[in-house]
Amino acid sequence: MTTPSSTQWNAIAALVSIRDNYLLWSSQLESVMESQELIQFIDGTFSAPSETIVKDGMIDVNPEFIVWKRSDRLALSWITATVSELVLKQIVT
């Protein structure tokens, strides 16, 4: 999985200061999420794998879950980094 270029990130981050810009923000964020193969974490098409697996008769952490959770948190952090404080309060509560 790749990370966004600084140009992409700057374009998204710049939208924070624009008032009443949901459609613009949504369009930009969706484009970046698609380009970084993270859109499935937003649209719900990539469900979390099981947190644990049975390996050699023992319960162990599923490495696929670790990768999934890291990507899920990355997608969430991009959203929270690009919204106003008012919107952020609604997201985290």
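The values are calculated or read from the model by the stated rules, or taken from the named source; none is laboratory data. Note that this is a predicted model, so its numbers are computed, not measured. Positions of Cβ are backbone-derived with ideal geometry, glycine not excepted, and every protein chain shown enters the neighbour counts. Ligands, DNA and RNA are excluded from the accessible area calculation, which covers all protein heavy atoms including side chains. Shrake-Rupley method; radii C 1.70, N 1.55, O 1.52, S 1.80 Å.
Residues in the range 59-86 that are of a type in the set (Asp, Glu) and over 11 Å from the mean Cα position of the chain (by Cα) were compared, and the one that is modelled with the lowest pLDDT is Glu85.
Close contacts from the range 23-37, counting a first residue that is within 13 Å of Val83 (Cα to Cα) and of a type in the set (Ser, Thr, Tyr) and a second that is open to solvent by 90 Å² or more (accessible area, probe 1.4 Å) and in a helix (DSSP H, G or I), with Cβ to Cβ under 6 Å and a gap of 6+ residues or different chains, come to none at all.
Checking each residue in the range 81-93 for being loosely packed, with under 12 Cβ neighbours inside 10 Å and part of a helix (DSSP H, G or I) picks out Glu85, Leu86, Lys89, Gln90, Ile91, Val92. Close Cβ contacts (under 8 Å, 6 or more residues apart or on different chains) running from residues in the range 69-93 that are closer than 23 Å to Thr45 by Cα to residues that are small (Gly, Ala, Ser) and modelled with pLDDT of 85 or more comprise Lys69/Ala48; Asp72/Ala48. Ile53 meets the conditions (1) outside any helix (DSSP H, G or I); (2) modelled with pLDDT under 90; (3) touching a Phe, Trp or Tyr at 6+ places or on another chain (Cβ under 9 Å) in every case but one. The failed one is (2).
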